[in-house]
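Worksheet for the structure shown next.
The values are calculated or read from the model by the stated rules, or taken from the named source; none is laboratory data. Model, not experiment: these values are computed from the prediction. Neighbour counts run over all protein chains shown; Cβ positions are idealised from the backbone, glycine included. All accessible areas refer to the heavy atoms of the entire protein, side chains included, with ligands and DNA or RNA removed. Shrake-Rupley method; radii C 1.70, N 1.55, O 1.52, S 1.80 Å.
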Amino acid sequence: MAEFTSSFWGVYIAVITLVSIIACGVFLKVQTTARVAGKVETTGHTWDEDLAEWNNPLPNWWRWLFYITIVFSLVYLALYPGLAIWGGALNWTSSGQYAQERARADAAVQPLYDKFGKSPVEQLAGNAEARAIGQNLFLTYCAQCHASDARGGYGFPNLTDSDWQYGGSPDAIEQTILAGRNGVMPPFGAALGGEGAKDVANYVLSLSGLASDSIRAQKGKEIFAANCVACHGPDGKGNPAIGAPNLTDKTWLYSSSEAAIIETVTKGRNNQMPAFKDRLGADRVHILAAYIWGLSNSDKAKAAGK
Amino acid sequence: MERTVVNDRLPETSAPPTAALATDDTEVSLYEVRRKIYPRAVHGLFAAWRWGLVWFTQVVFYGLPWLTWNDRQAVLFDLGARKFYIFGLVFWPQDFIYLTALLIIAALALFLFTAIGGRLWCGYACPQTVYTEMFMWVERRIEGDRAARMRLDRAPMSAGKLSRKLAKHGVWIAIALWTGLTFVGYFTPIRELLREVATVSLGPWETFWILFYGFATYGNAGWMREQVCKYMCPYARFQSAMFDKDTMIVTYDAHRGDPRGARAKKVDHKAKGLGDCVDCGMCVQVCPTGIDIRSGLQYECIGCAACIDACDQVMDRMGYPQGLIRYSTTNAIDNRWDRAQMIRRVLRPRVLVYVGILLAVIVAAAASLQARVPLKVDVLRDRTSLAREAEGGRIENVYRLQIMNTRETPHRFKVTVGGLPTLAVAGESEFEIPAATSKQVPLRLQIDRGQAGPGSHKIDLDVVDAEDPGVSVKERSVFLVR
C-alpha cells in the first residue's frame with residue numbers, strides 16, 4: 001500500500017485532530033469568565049415578536065462535562081487507532097476483533113462438532129439436533145443450486161431420490177462435498193454428425209422406455225457401442241466411479257426431451273460441484289453429509305434415531 | 001412593546017455571581033455553582049394528588065413484573081426472542097406500528113393536558129418528580145424538615161451527622177438498586193433475575209443495566225433533582241411553548257396580593273393599604289425548584305402546586321379566602337374572571353381538536369389491535385432455482401413459507417393455491433406451527449406441462465387455520481415456466 005499513500009496525510013490528520021482538541025480546551029478555559037456591564041442581559045434572540053431569553057450562567061457541573069469529553073478523546077486516541085500515525089496502545093483492529101470473536105464462537109461450538117464428528121453418518125442422520133444444523137448449513141451453502149428442498153433443478157441433481165451420480169454411500173457423499181466433482185460429458189457433434197447424434201439420442205430414449213424412433217434407435221445402438229460404452233457401460237447403466245449417469249432410469253439431470261439429449265450428445269456437458277473442505281471444514285461437512293444422506297434414507301435415519 | 005422574558009426571575013433571587021453585580025464591566029464567571037434547595041414539607045390537596053400518583057405509578061411499576069399470565073411473566077419484553085408480552089397480547093417486531101400508536105397517544109395526551117393545565121405531567125407523574133418525592137420523604141424521615149436539614153448541612157462533621165448521612169444514602173441506594181432490578185425485570189424474567197442476584201450469577205449486561213438504571217435513579221432523584229428539569233429535560237422546555245393565555249397555570253394573583261407586607265391577624269390590612277399576601281415566604285420555602293411564584297410564570301416552575309397548598313394554609317390561618325396562589329389562566333387574572341368564566345375559556349377549539357385527534361387515534365389503534373390476524377405469512381420463492389421438471393413432465397417451482405403463529409397455542413395451517421390452471425401443492429400442504437413460533441416450511445407447486453406459457457405468472461397462496469377458518473392470510477407470489 002505504501003506506493004499508494006504517503007505518510008503526509010496521516011500527519012496532516014493527526015495534527016488537525018490534536019490541535020482541534022487542545023484548542024477546544026483553551027477555548028473553554030478562556031470562555032469561563034466574561035466582562036459584562038453590570039446586569040444580566042438577554043441573549044439578543046427574539047421569537048414570536050416579543051419572546052426573549054435571559055443569558056443566565058450554566059451550572060458549574062456542565063463545564064466539567066466539557067472537560068471530560070476532552071480527556072475522554074485524548075485517552076481514546078491514546079488507546080485506539082484514531083490518529084492515522086498511531087495504532088493505539090491496545091493494538092486494536094477491527095479484523096483482529098473479528099478473528100477474536102470468531103475464535104471464541106468456534107471454541108464454544110467445538111465440543112458439539114467433536115461429539116458429532118465421531119458418530120457415523122447413518123447414526124447422525126437420526127439425531128434431530130444434527131439434522132437441524134445440517135439443514136441450516138444446507139440452506140446457507142447448498143440451496144442456491146440444489147434448491148431449498150434439495151430436489152435440485154435444471155442441471156443440478158436432486159438429492160432426495162436414490163439416484164446418485166457418484167454413489168450414494170455416506171462416504172461418497174462426504175467426498176463429493178469435501179473435494180467437489182467435475183462431471184464432463186465430451187462433445188460428440190463433430191464425430192457423429194447431426195444424424196448420428198439424433199440416432200444415438202433415440203437409442204438413449206429407448207433405454208429408459210421413453211417413446212423413440214425404433215429405426216433410429218437401431219442405428220444409434222451401434223454408435224452407442226462404438227462411442228459411449230467406455231463411460232456409460234455396455235447396457236447404459238453408467239459408472240458411479242467416474243460420475244457417468246445411468247441412462248436407463250427415469251432421472252434426467254437435463255430434460256428427457258429428444259432435443260435436450262441431442263444437445264448433450266452434440267455439445268457435451270461440463271458440470272462443476274465446488275469443493276467445500278476449505279470453506280466449511282471437515283466437521284461441518286460431516287454433519288451436512290449426514291443431513292443429505294438422511295434425505296433419501298429417511299427410514300434408516302429414523303431407525304438410527306431410535 | 002415591553003418584552004416578555006421567558007425565564008423571568010427577580011435579580012435578587014438570581015444567581016449571585018451575575019446578579020449581585022452593581023458596578024460596570026466586571027469579570028464574572030459564566031458558570032454558577034448550584035445553590036442547594038431545601039424544600040419544606042407540604043400537605044394539602046395537591047400534595048395528596050401527587051402522593052396518589054406516586055403510589056399508583058410505583059405500584060404499577062414495581063408490581064407488574066411479578067404478575068403471571070399463561071404460566072409466563074404477564075409483562076415481559078423479551079428482546080432476545082423479539083417477543084413482547086403484555087398480558088394476553090404477544091407483540092412481534094411486525095407489530096411495531098402499535099408502539100408508534102402508543103407514542104402518538106402519549107404525545108397528544110401531553111399536548112392536551114399541557115394546553116389545559118400546564119405542566120401537569122411534570123408536577124404529578126414524571127418519574128423525576130415521583131422519585132424525587134420518594135427520596136425527599138426518606139430525607140425528611142432521617143434528617144428532618146427544611147430547617148433541620150439546613151442546620152445539619154451547616155454543622156461540622158460529627159458522628160451523628162455522618163450516621164444520618166450514611167443512613168440516608170444507604171436507603172436511597174437500596175431504593176435505587178431495587179428500581180434498577182425492577183426495570184431489568186421487564187426484559188429478563190424477574191424471578192430468575194432475583195435468583196441470579198441471590199446466587200451472584202448475574203450476566204454482565206444484566207449487571208450493567210441494573211447498576212446503570214440504579215445509578216440514574218440515585219443520581220437524578222438524590223443529587224440532580226430540579227437541575228434535571230432546568231438543564232437536561234427537553235419536555236420541560238417544549239411544554240412551556242404550548243401554553244397560551246387560557247392555560248391554567250400555577251399563578252399568584254397580584255391584584256389581590258399586592259402590595260405585600262407582614263401584619264397581625266386582627267389588623268384590617270385593607271385600611272393599611274396592604275394586599276392579601278402576608279409575605280411569609282412559605283411559597284418559596286416549599287418550592288422544589290427554589291423559585292418565587294409571585295414573580296410570575298417562570299421556566300423553572302414544574303407546576304407541582306406545592307406553593308398553592310402552602311399558601312392556602314396561611315390564608316386559612318389568617319382567615320382570608322383561599323386561592324391567593326391558584327390554578328388560573330393569564331386571561332382570568334388579567335380580566336379578573338371568576339372560575340366559571342375561566343373554565344369556559346379553557347374549553348377552547350385547540351383543546352377540542354386535541355381531544356378529537358386523541359380519541360380518533362385511540363379508537364383506530366384499539367380497532368386495529370382487535371382486528372389483528374394472529375397469523376403472518378411470508379412467501380420466499382427460491383431465488384436461484386427456476387422452473388424444474390418433476391415426475392410426469394409436470395413443471396415445479398419451489399418456495400419457502402415463513403409462517404408465524406402469534407397465538408400462544410399450537411395451530412395447523414393449510415395452504416391452498418390458485419391463479420393458474422392445474423396449479424397444486426405437491427407433497428405436504430398442512431403445517432403444524434408450535435405456540436408463538438415462526439417456522440419456515442418448504443412448499444412445492446406444480447402445474448401440468450403446456451398449461452402456461454414461458455415466463456412469470458402471478459399466483460395466490462391462501463394460508464388458513466385448519467380448525468379456525470376465520471384466521472387466514474392471502475399472499476401473492478409468482479410461478480415461473482420454462
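Taking 28 Å as the straight-line reach from the Cα of residue A:300, the lysines in range (excluding those fewer than 8 positions away in the same chain) are A:115, A:118, A:237, A:250, A:277, B:439.
The helix-only estimate of mean residue ellipticity at 222 nm for chain A, built from DSSP H runs of length n ≥ 4 each weighted as -39500 (n - 2.57), is -18500 deg cm²/dmol after division by the residue total.
Each Cα pair under 8 Å and six or more residues apart adds its sequence gap; the mean of these over the residue count of segment B:1-372 is a relative contact order of 23 percent. Think of a 1.4 Å ball rolled over the protein heavy atoms: segment B:1-372 then has 53 Å² of accessible area per residue. Note on residue B:474: lysines with a C-alpha under 16 Å away, same-chain residues under 8 apart excluded, are B:376, B:414, B:458. For residue B:91, the residues 5 or more places off, or on other chains, whose built amide H falls under 5 Å of its own are B:84, B:85, B:86. Counting only other residues whose beta carbon sits under 11 Å from that of residue A:219, what net charge do I get with K and R as +1, D and E as -1? Value of the local net charge: -1.
Summed over the residues of segment B:375-481 and divided among them, the accessible surface reaches 45 Å² per residue at a probe radius of 1.4 Å.
When a/c is below 1.5 the answer is rounded, else prolate if a/b is larger than b/c, else oblate, so apply that to segment A:262-306 with a ≥ b ≥ c taken from the square roots of the Cα gyration tensor eigenvalues. Oblate shape, in that a/c is at least 1.5 and b/c is the bigger or equal ratio. Among residues other than residue A:62 with Cβ under 13 Å from its Cβ, the summed charge is +2 (Lys and Arg +1, Asp and Glu -1). So which lysines can residue B:36 reach, going by Cα to Cα under 28 Å and dropping same-chain residues fewer than 8 places off? List returned: A:29, A:39, B:161, B:165, B:168, B:230.
Averaging 1/r across all pairs of distinct Cα atoms in segment B:1-372 and inverting the result yields a Kirkwood radius of 23.8 Å.
Inter-part distance, segment A:136-194 to segment B:329-404, computed on C-alpha centroids, equals 49 Å. Stretching residue A:92 away from residue A:9 to a fully extended chain increases their span by 27.8 nm, per 0.36 nm per residue minus the current alpha-carbon distance.
Projecting the Cα atoms of B:466, B:418, B:456 onto the charge dipole of segment B:375-481, computed from C-beta unit charges around the Cα centre, puts B:456 farthest toward the positive end. Peptide B:27-36 has a mean shielding of 5, counted as Cβ atoms of other protein chains within 10 Å of each residue's Cβ. Between the amide H of residue A:269 and those of A:185, distances stay under 5 Å, these residues lying 5 or more places away or on another chain, with hydrogens modeled in the peptide plane. At an R0 of 56 angstrom, the distance between the Cβ atoms of residue A:182 and residue B:241 translates into a FRET efficiency of 0.15.
Just the accessible area for residue A:296, please: 1.4 Å probe, Å², rounded to the nearest 10? For residue A:296, the solvent-accessible surface is approximately 30 Å². Here the Karplus relation 6.51 cos²θ - 1.76 cosθ + 1.60, evaluated at θ = phi - 60°, turns the backbone of segment B:208-218 into coupling constants of 4, 5, 4, 5, 5, 5, x, 5, 4, 5, 4 Hz, with x for every Gly and Pro.
Under 8 Å for C-alpha pairs, at least 6 residues apart: give me the relative contact order for segment A:129-188, rounded to a whole percent. In percent, rounded to a whole number, it is 13. When Lys and Arg each count +1 and Asp and Glu each count -1, what net charge do the other residues less than 12 Å away from residue B:202, Cβ to Cβ, add up to? Residues close to residue B:202 contribute a combined charge of -2.
Split the accessible area of segment B:375-481 by element, probe 1.4 Å, and carbon with sulfur accounts for 51%.
Chain B and chain A together bury an accessible surface of about 3600 square angstrom, both sides counted, with a 1.4 Å probe and no ligands or nucleic acids included. With 10 Å bins beginning at zero, the pair-distance distribution over Cα atoms of chain A amounts to 5, 17, 16, 12, 11, 10, 9, 8, 6, 4, 1, 0 %.
Projected label points at residue A:107 and residue B:59, each 7 Å from Cα along the beta carbon direction, are separated by 5.2 nanometres.
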